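Read the structure below first, then the notes.
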Amino acid sequence: MRTDPFDVAIVGAGPAGQAAARATVAAGLTTALIDEQPRPGGQILRQPPVGFGVAGWMSGRAYRPLRQLLAATEDDTALHWLGGTSVAGIWADRAGGFRLHLAGARSGSLHARRVLIATGCYDMPVALPGWTLPGVISAGAAQTLLKSQQILAGQRLVLFGSHPLQLVLAQQFVAAGGDVAAVLFPQTRAQMLRAAWPHLAGALRTPGPLLAAAGALAALRRAGVPVIHGAAVTRLTADDSGAALGGVDYVAGGVEHHLACDVAAQCFGFVPQSDLPRQAGARVAWSAPAGGWATLCDARMQSSVPGLYVAGETTGVAGAEIAMIEGAIAGLAMADAAEDDLRRFRARHRRLAPFAALLRAVADPQPWWPAAGGDTLLCRCEDVSAATVDAAIADLAPFGPDASAIKQRCRIGMGLCQGRSCEHALVRRLAAAQGLAPGDVAPFRTRFPVRPLPIDALIEDAP
Amino acid sequence: MTRDPRRHDGVTRPAPLTIVCDGAPLSAYPGETVAAALLAASMRRLRDDRSDRPRGMFCNMGTCSECFVWLREGSAAQWHRRRACLTPVSADLELSTREDTCNAD
């Protein structure tokens, strides 16, 4: 590539990565923007495929700043867009910059003087009986199928979890002509209000998201979709064939209920994508409250690895607007902007912080995890049950809180997802067994390649 | 009655093509992912786990690796294992959800 080494490589084309690219391109830096998806936007604005026409796509007011940013990204002829491309590893190179190993539409090495990791987050997978049945999906899966592929994930959807985002998804599903059987919150309304209360005054200074939630609630009421509070899902059950989801069991007010459905989507919060920063050697900390690992950074978004920056949900889950601001700060910082140029972004960040705090408090899944049974699989890739994991934790208790030791004993986290689905659950279980905080547990050691790639994508230019 | 999972109101798509999954032909639109095309055909099972229990797509964003399928382009080509949620459909695409019908790379 003629422009290699780039001044800047940005991994992740969501709100943070795009906002950073605006700043680095404006400063005249050669910039590569890389994403696994074929088009920029991130998961929040996951675009329909090229060739599809979708009237009024993502036309809601809340999405307007994100759409404007996306239009600017797509019109930017100076930006080097590398879509459909995974980044499998990042290393310091001899020139004082970095080497990225790419696979997919573009493969091989890319060099850059500075790198921003803005890979966002994913829905926290929550283990409970029946959760490996086809038809049990993450809320994000249902939402991206709708936004991008224009497909309803099933005939009849049940949403369950502690995160209010599921109200917005239910509204989108109904608006697209889908049938939502119910939205189930384990919290009561009073518990949600109590959690929100300390943050409410500050959050009302940026009322957009609260109005969006209220609008979603009203739309669901008009559509006759029950929003049930104090409803704890206990089990996902198979249909008559035994080969797919047939319904959801939940307990409300001490009474067991059953809802028939062919798709159930979990919505308990989000885990930062942390594999690339960890592989690159950046320091992380437990991401409260939902879990996973947030990458630590300074006020200019630089991680503990000099020249390696992080922004958006990679630094802790706080929503798309804050991601955009952090991306802009990171972009300006990579362009060596003066502190004065960052001031207005810092002010905006401070204004949005109370709502992010409110959402974290209201959505906090910790009191509400469904119970995994002994035979429930915690590790979906290697089929490792909760009972097997607990036995390994007990056996290895003398060796301290090391997730990798448990992995080596019972194979949890050793499969194709590399622990993205199970590590957070293992860390919490291990911490609880040893009377520690999750942040005291040593996480899995993350290694190249951080995405499951065929061997021929690696050997051409392996380290 | 089963409703078409694809939205049609206000949505235009390119002309469909035909792919084959486990020997059965099904219609898909260029730009759709393999995972979406199978879901639209009500095929939820994408693989079996070690206890022969069916598994399907979970995250739809390339993170969870639940949606690995075998695929090849043309009956003479080699089978590859790929994430269905990140792989677009194409003409001549053949899929298998059963390991014993193909030699994975």
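The values are calculated or read from the model by the stated rules, or taken from the named source; none is laboratory data. The shown structure was predicted, so the numbers you read here are calculated from the model rather than taken from an experiment. No Cβ is skipped: glycine too gets one built from the backbone with ideal geometry, and neighbour counts run over all protein chains shown. These area figures cover heavy atoms from the full protein model, side chains too; ligands, DNA and RNA do not enter into them. Shrake-Rupley method; radii C 1.70, N 1.55, O 1.52, S 1.80 Å.
Being among the charged types (D, E, K, R) and open to solvent by less than 20 Å² (accessible area, probe 1.4 Å) holds for only one residue in A:ARG64, A:ARG46, A:ARG114, and it is A:ARG46.
On the stretch given as the stretch A:243-257, residues that are part of a loop (DSSP other than H, G, I, E, B) and closer than 16 Å to A:PHE185 by Cα total 2.
Counted as qualifying within the stretch A:370-462 are the helices (runs of 4 or more DSSP H) with 2 or more residues that are modelled with pLDDT of 95 or more, namely A:386-395, A:403-410, A:423-433. Of the residues making up the stretch A:42-62, just one is over 11 Å from A:LYS147 (Cα atoms), touching a helix residue (DSSP H, G or I) at 6+ places or on another chain (Cβ under 7 Å) and modelled with pLDDT of 95 or more, namely A:GLY42.
Within the option set A:ALA214, A:ALA182, being in a helix (DSSP H, G or I) and open to solvent by less than 60 Å² (accessible area, probe 1.4 Å) holds for one residue only, A:ALA214. What about A:LEU193, is it within 11 Å of chain B (Cβ to nearest Cβ) and free of Cβ contacts under 8 Å to residues at least 40 places away in the same chain? No. Cβ separations smaller than 6 Å between residues 6+ apart or across chains give the following pairs from the stretch A:156-167 residues that are on the phi < 0 side of the Ramachandran plot to residues that are surrounded by fewer than 24 Cβ atoms within 10 Å (Cβ to Cβ) and acidic (Asp, Glu): A:ARG156/A:ASP179; A:ARG156/A:ASP262. Contact annotation: residue pairs with Cβ atoms under 9 Å, 6 or more positions apart or on different chains, pairing a residue in the stretch A:438-454 that is within 13 Å of A:GLY415 (Cα to Cα) with a partner that is part of a loop (DSSP other than H, G, I, E, B) and of a type in the set (D, E, K, R), are A:ARG451/A:GLU36. If the condition is being among the β-branched types (Val, Ile, Thr), touching a strand residue (DSSP E or B) at 6+ places or on another chain (Cβ under 7 Å) and open to solvent by 10 Å² or more (accessible area, probe 1.4 Å), then the stretch A:304-361 contributes A:THR315, A:VAL317.
Residues that are within 14 Å of chain B (Cβ to nearest Cβ) and in contact with a Leu (Cβ under 9 Å, 6 or more places away or on another chain) number at least 3 in the following strands (runs of 3 or more DSSP E) confined to the stretch A:64-148: A:85-92. Just the residues that are open to solvent by 70 Å² or more (accessible area, probe 1.4 Å), more than 7 Å from chain A (Cβ to nearest Cβ) and part of a strand (DSSP E or B), please, taken from the stretch B:1-52. Answer for the stretch B:1-52, where residues must be open to solvent by 70 Å² or more (accessible area, probe 1.4 Å), more than 7 Å from chain A (Cβ to nearest Cβ) and part of a strand (DSSP E or B): B:THR18, B:PRO25. Quick one: would you say A:ARG99 is over 30 Å from A:ASP249 (Cα atoms), basic (Lys, Arg), touching a His at 6+ places or on another chain (Cβ under 6 Å) and open to solvent by 20 Å² or more (accessible area, probe 1.4 Å)? Considered against the rule, which asks whether it is over 30 Å from A:ASP249 (Cα atoms), basic (Lys, Arg), touching a His at 6+ places or on another chain (Cβ under 6 Å) and open to solvent by 20 Å² or more (accessible area, probe 1.4 Å), A:ARG99 comes out as yes.
Closer than 29 Å to A:ARG451 by Cα and in a helix (DSSP H, G or I): does that describe A:GLU326? It is true that A:GLU326 is closer than 29 Å to A:ARG451 by Cα and in a helix (DSSP H, G or I).
Condition check: more than 20 Å from the chain's Cα centre (by Cα) and either among the small types (Gly, Ala, Ser) or part of a loop (DSSP other than H, G, I, E, B) (or both). Does A:GLY56 satisfy that? Criteria met by A:GLY56. Taking the criterion of being surrounded by fewer than 18 Cβ atoms within 10 Å (Cβ to Cβ), modelled with pLDDT of 95 or more and within 12 Å of another protein chain (Cβ to nearest Cβ), would at least one residue in the stretch B:63-81 satisfy it? No.
Looking at (1) open to solvent by less than 40 Å² (accessible area, probe 1.4 Å); (2) closer than 30 Å to A:VAL225 by Cα; (3) among the acidic types (Asp, Glu), which one does A:ASP275 not meet, given that it meets all the others? Looking at each condition in turn, A:ASP275 falls short on (2). Restricting B:SER75, B:SER27, B:SER42 to residues that are among the small types (Gly, Ala, Ser) and under 30 Å from A:PRO125 (Cα atoms) narrows the list to B:SER42. Can we say A:ALA196 is modelled with pLDDT of 95 or more, in a helix (DSSP H, G or I) and among the small types (Gly, Ala, Ser)? Yes, satisfied. Residues that are among the hydroxyl-bearing types (Ser, Thr, Tyr) and in contact (Cβ under 8 Å) with a residue 60 or more places away in the chain within the stretch B:28-85 comprise just one, B:TYR29. Scan the stretch A:416-434 and give yes if some residue there is within 12 Å of chain B (Cβ to nearest Cβ) and open to solvent by 20 Å² or more (accessible area, probe 1.4 Å), otherwise no. Scanning the stretch A:416-434, I find at least one residue that is within 12 Å of chain B (Cβ to nearest Cβ) and open to solvent by 20 Å² or more (accessible area, probe 1.4 Å), so the answer is yes. For the stretch B:82-104, residues that are more than 13 Å from chain A (Cβ to nearest Cβ) and outside any loop (DSSP other than H, G, I, E, B) total 7. Answer yes or no: is there a residue in the stretch A:420-427 that is more than 20 Å from A:ALA288 (Cβ to Cβ), touching a residue at least 60 places away in the same chain (Cβ under 8 Å) and charged (D, E, K, R). No, the stretch A:420-427 has no match at all. Screening A:SER241 on (1) in contact with a Leu (Cβ under 8 Å, 6 or more places away or on another chain); (2) of a type outside the set (Asp, Glu); (3) within 30 Å of B:THR2 (Cα to Cα) shows it passes everything except condition (1).
Note down all Cβ pairs under 7 Å where the first residue falls in the stretch A:229-242 and is at positive phi and assigned to a loop (DSSP other than H, G, I, E, B), the second is β-branched (Val, Ile, Thr) and open to solvent by 50 Å² or more (accessible area, probe 1.4 Å), and they're at least six residues apart or on different chains. From residues that are at positive phi and assigned to a loop (DSSP other than H, G, I, E, B), the pairs are A:GLY230/A:THR188.
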